[in-house]
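K.L.:
Take this structure first; my questions come after.
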Amino acid sequence: MCGICGIFRKDGRPAEADLIEKMCRVMEHRGPDDEGIFTKGPIGIGMRRLKIIDLATGHQPMHNEDETVWVVFNGEIYNYRELIPLLEKKGHRFYTKSDTEVLVHLYEEYGDGGLSLLNGMFGYAIFDTRTNSLFIARDRLGIKQIYYYEDENIFIFGSEIKTVLAYPDIQRDINYPALSDFFSLQYIPAPHTIFNSIKKLPPAYSLTISDSNNKSETKRYWMLSYETPYITGEDAIESTNDVLQTAVQSQMVSDVPLGAYLSGGIDSSLLVAMMAKVSSRPVETFSIIWDQGSGTFDERKYSRFIAEKYRTNHHEFLVKPEIEEVMDDIIRAFDEPFADDSAIPNYYIARETRKHVTVALSGLGGDEMSAGYERYLGLKLLHYYHAIPEGIRDGIISKAIQSLPDFQFMGLWAERLKRFSRVSNLPFVESYFKISSKLDKDEKQMLFTPAALRKMGPDYDSVHHFRYYNELCNSHNELDRMLFIDAHTYMVDQLLVLSDRMSMAHSLELRVPYLDHTLVELFARIDPAMKL
C-alpha cells in the first residue's frame, strides 16, 4: 500500500522533482517506509511506500528491462503470482518478486488490455518514456482513489486531494453543485470534489495523457452486469462459498503481520472463519469497545464467541472516545466535507490495530453486495403498501403517519414511517433517493443563500446521480438497481473513502475480500430473492 503522485508538463517545461518531493511529503502517512521519484522531460512520478510485498527489492518506481517504462503503484495485485509465469513465457524478465513489476510488463504486452487480467485493489500510473505519455488506472470497485487537476499548462494527479493541492497555483474555488450533493448525501460523488478544479477518476476507468493528445482522455474498462437466468438455491450457496473462500485466501498473501477486524457481525465473522480455515497460525483479530457506561450496546459476546470458536489471537480495545483530540486528524485525512460519523470508531480501531499488524482484512462490502441495509427492505415493503386501496392508503394511513408525535421514545420510528409515507407515491429513482438522502432540492432551497443557489444553478438536483446509474444498470429488478446505484455512489465515495483514509492515517493497509470483483460479479448473477 502506498501513495502515488505525478505531473505532466503540457508546456514542455521539465517536470520539477522538488514539486514531486513536496507532493510525496504531504502523503508520508500512506507510506512511511520508502520514497521514490523518477523524472524525464515533461513527466515525473513519485510514491511513498508502505512495505507489504517483497520487502527487500520492492522499491518504486519500477521499470521494464530497458528502463523505458516506469510505474508507481498503490494497492495490491492478488493474482500477480499467476501472471508472472504468463509474462515470462512471452519473454519478459523480472528483477524483483513484487506485484508492482507485473504492471509494467502487462502494459508492455497488452497496453490498457492488461487491466482485464488484474485481480486486486489499485491506483497506478505508468510513465512511457517512448511516447512521453502517462497511463493511469483505478480498480473496478474503486477501493483505491485517484484525484487529478488539469489546465492548459500542467496535469497533476495523486492518491489524495491534499497531494494535488501541493501544487501552489491551483485555484481553490468551491464547487457549489458538489456542496449541494454533500448536503443531500453526506459525501461528494465522483467525478466531482469540493474544489471546482480537482476531479476524481471514477472506478473502473483509465486515463491517458501524452504529447500527441495533450489533454487527458478517460475510458471505462469494466462494467458490472446482471445476467439472467439467476443462479439460485444450492448452486448459489456453493458458488458463493467457493468464490469467497478463494478471495479470502488470495488476500491473505503478505510479507508482514496480518489480521482482521472482528465486530461479531455476519460479514466479519464469516471472514474470520474462512481465514482460520486456511491459516497455519491463529488469526489475529481486533475489536473495539466503546467505554460509554453501562447503557452502551456491547458486541463483545459476539466477537468473543467467534474468537473462541476459531481460536484466534483476539485483541479487544476499550476506547473512551475523546473526539476533540482526534477531530483535527480526521478532518485532515478526508480533505473535503465528509459526514459519516463512523469515521470516529474506524479511526480508533485502525490506530490500535496498527500497533500489532500492518495489514487487516475487513468485512466491508457484504451489505452492499447482498442487500443488508434496512432501506432495501423499505423499498420492497412499498410493493405491499401499494396493494392497499388508494383511498385508505393516502386518505387515512398517510395522514395518520404524518401526524405521529416525535416523542423521544418513538422518534426514530416516527421519522422512518413519515419518510416511508412521503416516498410511497414517487417513481422508483426519486423514492430511493429520498430514502437514501438527508436533504432534497426543496429543503436545500431553504438552507442556502440566494448567492449560493445561483452558483449551484436553479435546476441542479442531486438526484441526477441516482438517475444516471439507474439508466446505466442493465437489470430491470429494483433490488439489483438499488445495489448498482449504491455500488457507484455510497459504497465508493463514502465507505471506501472512509476505510482508506482512516486506515492509511495510521499506515495500516485495509483489504476488502467481499469486493473481489469475481465475487461481486457472482453476486450480480444470484437471484435477488436470496439477498435482503
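K.L.:
Could you please let me know if residue 204 is of a type in the set (A, V, I, L, M) and at positive phi? Lay out the reasoning, then the answer.
P.N.:
Details: of a type in the set (A, V, I, L, M): yes; at positive phi: yes.
Criteria met by residue 204.
K.L.:
I'm trying to understand the selection: among the residues of the range 363-394, which are part of a helix (DSSP H, G or I) and closer than 19 Å to residue 521 by Cβ? Please lay out each step first, then the result.
P.N.:
Pass one, the range 363-394, residues part of a helix (DSSP H, G or I): 366-370, 374-385, 390-394.
Within the range 363-394, 366, 367, 368, 369, 370 qualify.
K.L.:
Evaluate the following for residue 454: is it open to solvent by less than 10 Å² (accessible area, probe 1.4 Å), among the basic types (Lys, Arg) and under 20 Å from residue 182 (Cα atoms)? Walk me through how you get there before you give the answer.
P.N.:
Details: open to solvent by less than 10 Å² (accessible area, probe 1.4 Å): no; among the basic types (Lys, Arg): yes; under 20 Å from residue 182 (Cα atoms): yes.
Judged against the criteria, residue 454 is not a match.
K.L.:
Also: Just for the range 350-369: of the residues that are touching a Phe, Trp or Tyr at 6+ places or on another chain (Cβ under 8 Å) and open to solvent by 40 Å² or more (accessible area, probe 1.4 Å), which one is farthest from residue 530 (Cα to Cα)?
P.N.:
Selected residue: 356.
Conditions (1) open to solvent by 50 Å² or more (accessible area, probe 1.4 Å); (2) closer than 21 Å to residue 195 by Cα, marked per residue:
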{"residue": "440", "(1), (2)": "no, no"}
{"residue": "463", "(1), (2)": "no, yes"}
{"residue": "468", "(1), (2)": "yes, no"}
{"residue": "472", "(1), (2)": "yes, no"}
{"residue": "496", "(1), (2)": "no, yes"}
{"residue": "506", "(1), (2)": "no, no"}
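K.L.:
Select from the range 23-58 the residues that are over 24 Å from residue 505 (Cβ atoms), surrounded by fewer than 23 Cβ atoms within 10 Å (Cβ to Cβ) and out of contact with any Lys or Arg (no Cβ under 7 Å at 6 or more places or on another chain) and list them in ascending order. Reasoning before the result, please.
P.N.:
Taking the range 23-58 as the starting set, the residues that turn out to be over 24 Å from residue 505 (Cβ atoms) are 38-44, 54, 56-57.
Narrowing the set further to residues that are surrounded by fewer than 23 Cβ atoms within 10 Å (Cβ to Cβ) leaves 39-42, 54, 56-57.
Within the range 23-58, 39, 40, 41, 56 meet the criteria.
K.L.:
Which of the residues that make up the range 442-451 are part of a helix (DSSP H, G or I) and either of a type in the set (Val, Ile, Thr) or surrounded by fewer than 16 Cβ atoms within 10 Å (Cβ to Cβ) (or both)? Give the derivation first.
P.N.:
Of the range 442-451, the ones part of a helix (DSSP H, G or I) are 442-447, 450-451.
Result: 442, 443, 445, 446, 447, 450, 451.
K.L.:
Here is a follow-up. Output the residue which, of all residues in the range 412-426 that are open to solvent by 30 Å² or more (accessible area, probe 1.4 Å) and part of a loop (DSSP other than H, G, I, E, B), is modelled with the lowest pLDDT.
P.N.:
425
K.L.:
Among the candidates 486, 480, single out the residue that is touching a helix residue (DSSP H, G or I) at 6+ places or on another chain (Cβ under 7 Å), assigned to a helix (DSSP H, G or I) and surrounded by 24 or more Cβ atoms within 10 Å (Cβ to Cβ).
P.N.:
486
K.L.:
Let me ask something else about it. Just to be sure, is residue 506 in a helix (DSSP H, G or I) and more than 19 Å from residue 251 (Cβ to Cβ)?
P.N.:
Values: in a helix (DSSP H, G or I): no; more than 19 Å from residue 251 (Cβ to Cβ): yes.
Criteria not met by residue 506.
K.L.:
For the range 185-210, enumerate the residues that are modelled with pLDDT of 95 or more, farther than 25 Å from residue 461 by Cβ and hydroxyl-bearing (Ser, Thr, Tyr). Talk me through it step by step, then tell me what you get.
P.N.:
Here is the first cut: in the range 185-210, the residues modelled with pLDDT of 95 or more are 185-209.
This time we only want the ones that are farther than 25 Å from residue 461 by Cβ, so: 204, 206-209.
Answer for the range 185-210, where residues must be modelled with pLDDT of 95 or more, farther than 25 Å from residue 461 by Cβ and hydroxyl-bearing (Ser, Thr, Tyr): 206, 208.
K.L.:
Within the range 427-436, can one find any residue that is in contact (Cβ under 8 Å) with a residue 60 or more places away in the chain, surrounded by fewer than 22 Cβ atoms within 10 Å (Cβ to Cβ), assigned to a helix (DSSP H, G or I) and not polar (S, T, N, Q)?
P.N.:
Yes.
K.L.:
Now, a different point. Return a yes/no flag: does the range 86-99 have any residue that is buried (at least 23 other Cβ atoms within 10 Å of the Cβ), in a helix (DSSP H, G or I), without any contact (Cβ under 8 Å) to a residue 24 or more places away in the chain and not charged (D, E, K, R).
P.N.:
No, the conditions are met nowhere in the range 86-99.
K.L.:
Looking at the range 172-286, what helices (runs of 4 or more DSSP H) fall wholly within it and have at least 2 residues that are farther than 30 Å from residue 314 by Cα and open to solvent by 10 Å² or more (accessible area, probe 1.4 Å)?
P.N.:
Working: elements: 176-185, 233-250, 266-278.
Fully inside the range 172-286 and qualifying: 176-185, 233-250.
K.L.:
Criterion first (part of a loop (DSSP other than H, G, I, E, B), modelled with pLDDT of 95 or more and either closer than 20 Å to residue 253 by Cα or open to solvent by 10 Å² or more (accessible area, probe 1.4 Å) (or both)) does residue 103 satisfy it?
P.N.:
On the way: part of a loop (DSSP other than H, G, I, E, B): no; modelled with pLDDT of 95 or more: yes; either closer than 20 Å to residue 253 by Cα or open to solvent by 10 Å² or more (accessible area, probe 1.4 Å) (or both): yes.
Criteria not met by residue 103.
K.L.:
Let me ask something else about it. Any residue at all in the range 156-164 that's in contact (Cβ under 8 Å) with a residue 24 or more places away in the chain, open to solvent by 30 Å² or more (accessible area, probe 1.4 Å), of a type in the set (Lys, Arg) and not in a strand (DSSP E or B)? Steps first, answer last, please.
P.N.:
Kept after step one, since they are in contact (Cβ under 8 Å) with a residue 24 or more places away in the chain, are these residues of the range 156-164: 156-164.
Applying the additional criterion that residues be open to solvent by 30 Å² or more (accessible area, probe 1.4 Å) yields 162.
Adding the requirement that they be of a type in the set (Lys, Arg) leaves 162.
Within this subset, residues satisfying the condition of being not in a strand (DSSP E or B) are 162.
Yes: one or more hits.
Yes/no matrix, rows are residues, columns are (1) at pLDDT 95 or above; (2) more than 25 Å from residue 520 (Cβ to Cβ); (3) in a helix (DSSP H, G or I):
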| position | (1), (2), (3) |
| --- | --- |
| 308 | yes, yes, yes |
| 311 | yes, yes, no |
| 314 | yes, yes, no |
| 340 | no, no, no |
| 356 | yes, yes, no |
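K.L.:
Then there is this: Being over 30 Å from residue 127 (Cβ atoms) and either at pLDDT 95 or above or among the β-branched types (Val, Ile, Thr) (or both): is that true of residue 235 here? Steps first, answer last, please.
P.N.:
Numbers: over 30 Å from residue 127 (Cβ atoms): yes; either at pLDDT 95 or above or among the β-branched types (Val, Ile, Thr) (or both): yes.
For residue 235, the condition - over 30 Å from residue 127 (Cβ atoms) and either at pLDDT 95 or above or among the β-branched types (Val, Ile, Thr) (or both) - is met.
K.L.:
Is it the case, given these coordinates, that residue 401 is assigned to a helix (DSSP H, G or I), of a type in the set (A, V, I, L, M), open to solvent by less than 40 Å² (accessible area, probe 1.4 Å) and farther than 13 Å from residue 420 by Cβ?
P.N.:
Values: assigned to a helix (DSSP H, G or I): yes; of a type in the set (A, V, I, L, M): yes; open to solvent by less than 40 Å² (accessible area, probe 1.4 Å): yes; farther than 13 Å from residue 420 by Cβ: no.
Criteria not met by residue 401.
K.L.:
Starting from the range 23-51, keep only residues that are of a type in the set (Lys, Arg), then list their pairs with residues that are open to solvent by 40 Å² or more (accessible area, probe 1.4 Å) whose Cβ atoms are within a distance under 6 Å, requiring at least 6 positions of separation or different chains.
P.N.:
That search, which allows pairs on different chains as well, returns 48/28; 48/35; 49/33; 51/33.
The values are calculated or read from the model by the stated rules, or taken from the named source; none is laboratory data. Not measured: the values here are computed from a predicted model. Methodologically, a virtual Cβ is constructed for each residue, glycine included, from the backbone with ideal geometry; neighbour enumeration extends over all protein chains shown. Just the protein is used for accessible areas: all its heavy atoms, side chains included, with ligands, DNA and RNA removed. Shrake-Rupley method; radii C 1.70, N 1.55, O 1.52, S 1.80 Å.
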